[in-house]
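Everything on this sheet refers to the single structure shown next.
The values are calculated or read from the model by the stated rules, or taken from the named source; none is laboratory data. What you see is a predicted model, and the numbers here were worked out from it, not measured in a lab. Because the Cβ atoms are built from the backbone with ideal geometry, glycine has one as well, and the counts that use them run over all protein chains shown. We work out accessible area using only protein heavy atoms, side chains counted, and drop any ligands, DNA or RNA first. Shrake-Rupley method; radii C 1.70, N 1.55, O 1.52, S 1.80 Å.
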Amino acid sequence: RDEAVDAFAAVAGILFKAWISDAGGERWGAIYVFESAAAADQPLPSRARELIGKDPDVIEIFDLEASVSVADQLARLGLAFG
């Protein structure tokens, strides 16, 4: 947490990242929202794979259809508002 949060706060074009985990199911992951597909395609500053010891089992990319948030930068993002 200490190194990752600050590193991701400096990533150009990232609007949101949530780190998620399920200790009981030994699952981990992240949800990202980027301002563009180009921003999402850049190398990211992550040591998670190194620390956890394996690559993700699943990587899926979606278009954001709509969003609601109290954070101005995340409010009304997505294809529904484009």
Does ALA4 meet the test of being out of contact with any Lys or Arg (no Cβ under 7 Å at 6 or more places or on another chain), in contact (Cβ under 8 Å) with a residue 40 or more places away in the chain, surrounded by 10 or more Cβ atoms within 10 Å (Cβ to Cβ) and of a type in the set (A, V, I, L, M)?
yes
Kindly establish whether ASP63 is among the acidic types (Asp, Glu), open to solvent by less than 60 Å² (accessible area, probe 1.4 Å) and either out of contact with any Lys or Arg (no Cβ under 8 Å at 6 or more places or on another chain) or at positive phi (or both).
no
If I filter region 10-50 down to residues being among the polar types (S, T, N, Q) and modelled with pLDDT of 85 or more, which single residue comes out as surrounded by the fewest Cβ atoms within 10 Å (Cβ to Cβ)?
SER36
For ASP41, indicate whether it is without any contact (Cβ under 8 Å) to a residue 12 or more places away in the chain and not aliphatic (A, V, I, L, M).
yes
Does LEU77 count as surrounded by 10 or more Cβ atoms within 10 Å (Cβ to Cβ), closer than 20 Å to ALA12 by Cβ and touching a residue at least 60 places away in the same chain (Cβ under 8 Å)?
yes
Of all residues in region 67-82, which are under 16 Å from the mean Cα position of the chain (by Cα) and at pLDDT 85 or above?
SER67
